[in-house]
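Engineer: What follows is a single structure, and I will ask about it in a moment.
The values are calculated or read from the model by the stated rules, or taken from the named source; none is laboratory data. Predicted model, so just to flag it, every value in this text is computed and none were measured. Neighbour counts run over all protein chains shown; Cβ positions are idealised from the backbone, glycine included. Just so you know, the surface numbers come from the protein's heavy atoms only, side chains and all, with ligands and any DNA or RNA stripped out. Shrake-Rupley method; radii C 1.70, N 1.55, O 1.52, S 1.80 Å.
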Amino acid sequence: MTENEQPRKPYLAGGAEFAALYDVRRLQVSQWISRDHTLDYRYAKIISGSPYWLLKFVKGFGQTTPRVKHLNEAALNRLTKEQDPGYWVGEVDQLPPLVGQAELTALFRLSDGALLRGAIRSGRFRPADYTLSGSPIWLLEPVVRDVPALQAGARGVDWAADEEVLASLRDGTYDGPGARIVPRGRAAKKATD
């Protein structure tokens, strides 16, 4: 891949995009999960504590529900265009390693996400490959390839990748910060009762 060439990435949708594709509020997507169980995380990758569904699954979701839900084709076209050059994936295990800020903070052994956010804002860290539901997501391998350049321009941060975290991100066994959805609000209260 040349320096200016964008990597191909699998088409994904976060909760906000899922809602836009079916012309509902984002809260409705959560209710499909928690109340009527028409939606689950089987076709989602959890990144930085949030679900990101395979767009192929989202596209067909409305036809699998007791009451057919109609897909907004214009929203689908916009989303795929935003993610181009992209490709369709049918199973979560076919996804390349993807990371968000929580996984990157663990990968680089940063004390908190502020150093990472600062590097992103200043342009020292590569731009995110996706911004879904307001959150940045990166393909892992281009980030790893950028480590020597990050280290060369570093002031105060080592930017050395933790080899155990890197291996677990690559093989899909990562179980650190961001690997699970943490209940918030009423759901968090129920979990502790």
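Engineer: Can you find even one residue in segment 124-145 that is touching a residue at least 12 places away in the same chain (Cβ under 8 Å), open to solvent by 70 Å² or more (accessible area, probe 1.4 Å) and at negative phi?
Structural biologist: Taking every residue of segment 124-145 in turn, at least one turns out to be touching a residue at least 12 places away in the same chain (Cβ under 8 Å), open to solvent by 70 Å² or more (accessible area, probe 1.4 Å) and at negative phi.
Engineer: Report, by residue number, each residue of segment 21-47 that is under 22 Å from Trp88 (Cα atoms) and crowded, with 16+ Cβ neighbours inside 10 Å.
Structural biologist: Passing the criteria: Leu21, Tyr22, Val29, Leu39, Tyr43, Ala44, Lys45, Ile46, Ile47.
Engineer: Among the residues of segment 148-169 satisfying the criterion of being free of Cβ contacts under 8 Å to residues at least 24 places away in the same chain and assigned to a helix (DSSP H, G or I), which is least open to solvent (accessible area, probe 1.4 Å)?
Structural biologist: Top of the filtered list is Ser168.
Engineer: If you don't mind, another one. Residues to consider are Leu116, Leu110; find the one that is outside any loop (DSSP other than H, G, I, E, B), of a type in the set (A, V, I, L, M, F, W, C) and at negative phi. I'd like the intermediate steps shown before the answer.
Structural biologist: Values: Leu110 fails: outside any loop (DSSP other than H, G, I, E, B).
On inspection, the qualifying residue turns out to be Leu116.
Engineer: On the basis of being over 17 Å from the mean Cα position of the chain (by Cα), surrounded by 12 or more Cβ atoms within 10 Å (Cβ to Cβ) and touching a residue at least 24 places away in the same chain (Cβ under 8 Å), does Leu76 make the cut?
Structural biologist: Details: over 17 Å from the mean Cα position of the chain (by Cα): yes; surrounded by 12 or more Cβ atoms within 10 Å (Cβ to Cβ): yes; touching a residue at least 24 places away in the same chain (Cβ under 8 Å): yes.
So Leu76 passes the test.
Engineer: If you don't mind, there's one more thing I want to ask. Before we move on, is Ala114 at pLDDT below 95, farther than 23 Å from Ser30 by Cβ and buried (at least 20 other Cβ atoms within 10 Å of the Cβ)? Steps first, answer last, please.
Structural biologist: Values: at pLDDT below 95: yes; farther than 23 Å from Ser30 by Cβ: yes; buried (at least 20 other Cβ atoms within 10 Å of the Cβ): no.
Judged against the criteria, Ala114 is not a match.
Engineer: On to the next question. Condition (residue is crowded, with 16+ Cβ neighbours inside 10 Å, without any contact (Cβ under 8 Å) to a residue 60 or more places away in the chain and closer than 18 Å to Tyr130 by Cβ) applied to segment 81-91: is it met by at least one residue? First the steps, then the outcome.
Structural biologist: Taking segment 81-91 as the starting set, the residues that turn out to be crowded, with 16+ Cβ neighbours inside 10 Å are 83, 86, 89.
When the remaining residues are screened for being without any contact (Cβ under 8 Å) to a residue 60 or more places away in the chain, the result is none.
Scanning segment 81-91 turns up no residue that is crowded, with 16+ Cβ neighbours inside 10 Å, without any contact (Cβ under 8 Å) to a residue 60 or more places away in the chain and closer than 18 Å to Tyr130 by Cβ.
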